[in-house]
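Asker: Can you keep this structure in mind? I'll have questions shortly.
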Amino acid sequence: MPKLKVDGIEIEVPAGATVLQACEAAGKEIPRFCYHERLSIAGNCRMCLVEVKPGPPKPQASCALPAADNQEVFTNTPMVKNAREGVMEFLLINHPLDCPICDQGGECDLQDQSVAYGRGSSRFAENKRAVTEKYMGPIVKTVMTRCIQCTRCVRFAEEVAGVEEIGAIGRGESMQITSYLEHAVTSELSGNVVDLCPVGALTSKPYAFEARPWELKKTLTIDVMDAVGTNIRLDSRGRQVLRCLPRINEDVNEEWASDKTRHAVDGLVRKRLDRPFVRQGGKLVEATWEAAFAAIAAVNAGASMAAIAGDLVDCETMYAAKALLAQHGSTLLEGRQTGMDYDVSSLAAVNFNTTIAGTEQADVILLVGTNLRWEAPLVNTRVRKAIKRGAKVFAIGPEVDLTYKVEWLGNDLGLLGKLPKAAMDAMKAAERPMVIVGGAALKNGHAAALKLAKTYKLVRDGWNGFNVLHFSAARMGGLMLGYAQAGGIADVAAASPKLAFFLGADEVDFSKFAGSFKVYIGHHGDKGAAAADVVLPGATYAEKSGTWVNLEGRVQRGERAVFPPGDAREDWTILRALSAVLGKPLPFDTLDQLRAEMAKDTPMLGELGLKRFDWSPPALDGKGEGEIAYPIKDFYLTNAICRASPTMQRCSAELIHGQDFAEAAE
């Protein structure tokens with residue numbers, strides 16, 4: 001480990017660290033534009049100049065200079081100050097004075113660093129160059145005249161997203177950053193380049209000219225668009241969420257977020273349910289809360305009740321529904337609304353045991369029935385990192401572009417019983433083998449996948465390589481709360497409940513519940529509301545404090561950013577009020593009381609953090625058989641919020657269905 005001095009402070013850094021990292025370890029701030037700790041080193045902005053001895057008597061780029069023993073680094077000498085002022089002066093030669101109308105205003109690295117390290121005046125009076133705008137799709141807005149060629153977006157697209165569609169053309173002053181043939185960037189992670197851009201060249205198209213950062217209230221919460229549990233910040237003004245940004249969490253999402261996470265927020269204010277409805281004469285008509293509750297009470301269901309949870313529901317809502325049913329003697333709970341059924345007697349057998357971050361350590365990965373790029377884009381980026389460390393990837397299922405090299409074994413679950421020789425040899429020789437079983441393979445392949453765990457010793461000291469990949473934010477929390485029947489939702493339908501609660505469940509086959517009185521508690525006028533006999537308006541994930549459990553069993557909580565519209569209420573309060581009308585009030589009146597009761601019922605939900613499940617897989621019969629069909633047909637329209645979002649509809653039309661959109665000149 002090299003030892004060096006930074007401004008007289010002796011510091012020891014890991015082997016391979018750069019001088020820039022050594023300076024930061026010593027508490028010194030080094031300005032930079034092109035350098036980013038998660039991307040490869042480009043060394044092309046020269047803003048991170050420092051003076052190093054021994055060495056040539058000139059400033060050196062600290063991002064590309066390895067730290068070495070006995071170096072002396074100086075970050076604030078007159079030489080360094082003059083060099084940084086010169087670099088900033090060059091950067092601003094062609095940069096337009098767009099700050100009053102630029103969406104990066106208030107969050108711009110160039111703006112901040114020009115004040116901190118710039119000269120305050122320029123000696124250049126020549127005309128500034130102009131660059132035509134580039135089209136990068138419905139997510140990213142471009143003003144390429146502002147670009148300083150830091151190439152962060154190019155490196156992100158190639159190294160993290162795995163979609164090599166952004167690059168540079170031309171040389172010198174004629175150099176321009178553009179997408180391939182100026183077409184839309186097809187990555188599900190393209191919105192991250194907006195965060196990476198240190199100037200206003202790439203900004204968010206849906207958020208353009210909406211607000212300034214100092215106007216917004218910032219709320220920390222959890223994303224529900226998939227089961228990764230991305231840590232996010234919702235920025236709101238008044239009663240509307242205007243944008244969503246990722247928060248850094250090294251164990252979950254690093255500092256990335258998928259485009260669906262970022263831009264589905266414009267669906268939060270559209271097609272909303274903001275008052276109760278009761279079906280009369282075949283039509284839903286507006287009603288008061290009292291009338292809606294009276295219609296439910298009139299069913300007189302007794303113990304003939306069921307609750308079906310949707311994909312976005314928080315644990316508090318599911319627990320309140322469970323407690324309501326329990327008071328009336330029912331245990332008909334189900335969360336796998338599309339009809340999936342698999343053994344849940346051992347949570348370890350349906351958990352992502354390796355953990356999201358642990359995926360990077362695997363040396364052989366077998367994907368079974370999962371389109372990882374759509375079901376969990378941020379797990380897909382971890383697989384890419386594992387490949388960079390030398391991992392091999394095999395897959396069973398229909399061939400899709402996962403952004404990296406995959407050896408496809410075929411589309412037959414029967415392959416689980418006898419892997420082809422190349423995959424078999426690789427799994428046997430692996431030190432950290434990993435299997436990822438998707439939802440498409442669980443129903444007919446769970447037993448065979450569990451046998452793989454035994455055959456190839458996926459579970460060993462310090463390593464558990466057996467993983468089930470859920471793609472619904474509510475799934476793991478629901479399984480922990482008991483939202484699973486032996487035969488799935490078919491068992492619930494077979495019981496013919498008189499009263500069925502659908503908790504934000506829009507993907508159910510409602511024809512199987514034709515004889516039930518259907519109560520939909522949700523936030524959007526989607527399929528569930530259309531099929532219901534009573535509609536009770538609930539709150540979205542942005543409008544309530546809630547607990548969610550991600551696919552690796554990590555319990556996380558989010559806070560309320562805005563209030564629900566109209567007469568809509570938080571879901572658990574609806575169930576609490578309804579329980580009083582049904583004659584058996586639930587034993588909690590506040591969120592804290594509910595969480596205390598939930599922790600008694602399911603202790604794992606009482607504390608935040610990653611939960612480890614003991615490896616005790618069930619002994620299941622059955623061989624893997626049948627072809628695989630991936631459950632997600634359109635990445636951008638997987639739930640009611642997305643379907644209400646104009647941005648997600650545009651992404652679907654353009655990126656999935658190939659529709660062309662003419663762009664007006666700006």
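Asker: Residues of the range 395-422 being under 21 Å from residue 352 (Cα atoms) and assigned to a helix (DSSP H, G or I), which ones?
Answerer: 413, 416
Asker: Still on this structure, please answer the following. Which residue, of 583, 624, is open to solvent by less than 20 Å² (accessible area, probe 1.4 Å), among the small types (Gly, Ala, Ser) and over 30 Å from the mean Cα position of the chain (by Cα)?
Answerer: 624
Asker: Residue 97 - would you say it is within 30 Å of residue 243 (Cα to Cα) and at pLDDT below 90?
Answerer: So residue 97 fits the description; yes.
Asker: Could I ask something else about it? Restricting to strands (runs of 3 or more DSSP E) lying wholly in the range 241-348: which have 3 or more residues that are open to solvent by less than 30 Å² (accessible area, probe 1.4 Å) and of a type outside the set (Phe, Trp, Tyr)?
Answerer: Values: elements: 277-280, 283-286, 305-309.
So the answer is 305-309.
Asker: Assess whether residue 467 counts as being of a type in the set (S, T, N, Q), touching a residue at least 24 places away in the same chain (Cβ under 8 Å) and in a helix (DSSP H, G or I).
Answerer: No, not satisfied.
Asker: Determine if the range 76-87 includes at least one residue that is open to solvent by 10 Å² or more (accessible area, probe 1.4 Å), farther than 28 Å from residue 154 by Cβ and of a type in the set (Ser, Thr, Tyr).
Answerer: yes
Asker: Would you call residue 229 touching a residue at least 12 places away in the same chain (Cβ under 8 Å), out of contact with any helix residue (DSSP H, G or I) (no Cβ under 8 Å at 6 or more places or on another chain), closer than 27 Å to residue 438 by Cβ and open to solvent by less than 60 Å² (accessible area, probe 1.4 Å)?
Answerer: yes
Asker: So if I check each of 619, 629, which one is free of Cβ contacts under 8 Å to residues at least 60 places away in the same chain, small (Gly, Ala, Ser) and in a loop (DSSP other than H, G, I, E, B)?
Answerer: Of the residues listed, the single one that is free of Cβ contacts under 8 Å to residues at least 60 places away in the same chain, small (Gly, Ala, Ser) and in a loop (DSSP other than H, G, I, E, B) is 619.
Asker: Restricted to the range 109-131, and to residues that are hydroxyl-bearing (Ser, Thr, Tyr) and in contact (Cβ under 8 Å) with a residue 24 or more places away in the chain, which residue is nearest to residue 649 (Cα to Cα)?
Answerer: Across the range 109-131, the extreme among qualifying residues is 114.
Asker: Give the residues of the range 422-458 that are in contact with a Pro (Cβ under 6 Å, 6 or more places away or on another chain) and open to solvent by 10 Å² or more (accessible area, probe 1.4 Å), sorted by residue number.
Answerer: 440, 450, 456
Asker: Sticking with this one: In the range 108-143, which residues are surrounded by fewer than 18 Cβ atoms within 10 Å (Cβ to Cβ) and touching a strand residue (DSSP E or B) at 6+ places or on another chain (Cβ under 6 Å)?
Answerer: If the condition is that a residue be surrounded by fewer than 18 Cβ atoms within 10 Å (Cβ to Cβ) and touching a strand residue (DSSP E or B) at 6+ places or on another chain (Cβ under 6 Å), then 133 is the only one that fits.
Asker: Here is a follow-up. So which residues in the range 589-614 are over 16 Å from residue 553 (Cβ atoms) and open to solvent by 40 Å² or more (accessible area, probe 1.4 Å)?
Answerer: Residues satisfying the conditions are 589, 590, 592, 593, 596, 597, 600, 601.
Asker: I would also like to ask the following. Just wondering, is there one or more residues in the range 46-58 that are within 35 Å of the chain's Cα centre (by Cα), open to solvent by less than 20 Å² (accessible area, probe 1.4 Å), at pLDDT 90 or above and under 25 Å from residue 155 (Cα atoms)?
Answerer: Yes; the residues of the range 46-58 include at least one that is within 35 Å of the chain's Cα centre (by Cα), open to solvent by less than 20 Å² (accessible area, probe 1.4 Å), at pLDDT 90 or above and under 25 Å from residue 155 (Cα atoms).
The values are calculated or read from the model by the stated rules, or taken from the named source; none is laboratory data. Note that the structure is predicted; figures quoted are calculated from it, not measured. Here Cβ is always computed from backbone atoms with ideal geometry, including for glycine, and neighbour counts include all displayed protein chains. To get the accessible areas, we keep the full protein, side chains included, count just its heavy atoms, and leave off ligands, DNA and RNA. Shrake-Rupley method; radii C 1.70, N 1.55, O 1.52, S 1.80 Å.
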